[in-house]
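What follows is a short report on a single structure.
Here, each number is a calculation from the coordinates, and none is a lab measurement. Note that the structure is predicted; figures quoted are calculated from it, not measured. So basically every Cβ, Gly included, is an ideal-geometry build from the backbone, and we count neighbours across all protein chains shown.
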Amino acid sequence: MSSLQGSDVARAGRLLREGGVVAFGTETVYGLGADAFNTNAVARVFDVKNRPKFDPLIVHIAERSWLSRLTNEVPDIAEKLIDRFWPGPLTVIFPKIRAVPDLVTSGLPTVAVRMPDHPLAVQLIEAAGTPIAAPSANPFGRLSPTCAEHVAEQLGGQIDYILDGGPCRVGVESTVVQVDDHRVGILRHGGITVEQLEEVIGRVVDGQTVVASGPAESPGMLPQHYAPSTRLKVVDDLAAWATSESKVGLLSLQPPEDSTRFAVIEVLSPSGNLVEAAANFFSALRRLDAAAVDLIIAKPFPEAGLGRALNDRIQRASVRA
Ligand code: TXA
Ligand code: MG
């Protein structure tokens, strides 16, 4: 392990304060962080990721009171969601105050904020003493990293430090929501499920409390994303599916009925548990990508709970640029 990777929170915090770029583990995926108020540092994050400037970043805070450094409008519904889900994998969009750099928000009048549920990440943000803008720590459009080694493989050498928080517990990115006085719209499915959101905000009869797939108000929700280098295809009915490819890898929640057709099989949860599946998802996809198969087949997940976030990821991974 290089000295650029470790668990030295004080060092990582100092680097962030000085305008450095530091990858760190969260409960969802690894983030690539910079001081949200230092535009040079934030610009480096975009450069390292090769991320288009139209795709805004999530700002990470260490405690609820830091929200006032970013917004002065917290609607009641947002307050409820924060009470229930922070710290945790829920990102909420707020109207931004002027101090938040346009580079962070891609010129939008809003800022995305979350408080991670990972002790080392929170200690890091506290040590930095400033809100941290952090996209996932992968090159733009590629597989998200769920352990320090994934970051080292993809971005090592280009960043100042990797704070090793171990494997990510949740394994998929945060759920991104936009709220107004009456409704919650989901811009990205993620670690907090629709069912969990509805427990807090209830349902209304005359319209949707939750808009399951919101309007395209999230610039980063590009059709192609989370992609392995190997071609990936989503197949509903494996029994009816035929291919001429000689080496095919399978990504599946549970073991397939006919395993003889696949050179490599990644089962995400033998018992069909979606929480376990999400935690294994990106690592399994990486192993398939490294297995030199001609094609990766992904079987859709049940459209409930974390299955929605996983289906979203495989759909986007299957779109070729
Ligand atoms: O779990 C996560 O959210 C991870 C960890 C590191 O916190 N971060 C993450 O960031 O997934 P990123 O950059 O890969 O995805 C952020 C998403 C993008 O789809 C972006 O377009 C959207 O959030 N977003 C950011 N700011 C927004 C805003 N002001 N309005 C709408 N969408 C926004
Ligand atoms: Mg990302």
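Of the options 58, 197, 137, report the single residue whose Cα projects farthest towards the positive end of the charge dipole of the chain (beta-carbon charges: Lys, Arg +1; Asp, Glu -1).
137
Enter the Cα centre distance for the pair the range 1-69 and the range 249-268, rounded to the nearest angstrom.
Rounded to whole Å, the Cα centres lie 37 Å apart.
Please list 78-84, 63-69 highest first by mean number of surrounding beta-carbon atoms within 10 Å per residue.
Details: 78-84: 16.6, 63-69: 14.3.
Going from most to least packed, we get 78-84, 63-69.
Given Cα pairs under 8 Å that are at least 6 residues apart, what percent is the relative contact order of the range 232-317?
Answer for the range 232-317 is 38 percent.
Normalised by the residues of the chain, what does the relative contact order come to in percent, with Cα pairs under 8 Å and at least six apart?
Computed value for the chain: 20 percent relative contact order.
Taking a cut-off of 18 Å between Cα atoms, list the lysines near residue 299, but don't count ones fewer than 8 places away on the same chain.
Result set, ordered by chain and number: 233, 247.
By per-residue mean of other Cβ atoms within 10 Å, what is the highest-first order of 106-118, 293-305?
Answer by packing, highest mean first, reads 106-118, 293-305.
Which of the three applies to the chain, rounded, prolate or oblate, going by the alpha-carbon gyration tensor with a ≥ b ≥ c and a/c under 1.5 meaning rounded? If you can, show how the numbers build up before the last one.
Numbers: a/c = 1.94, a/b = 1.29, b/c = 1.50.
Cα axes put the chain in the oblate bin.
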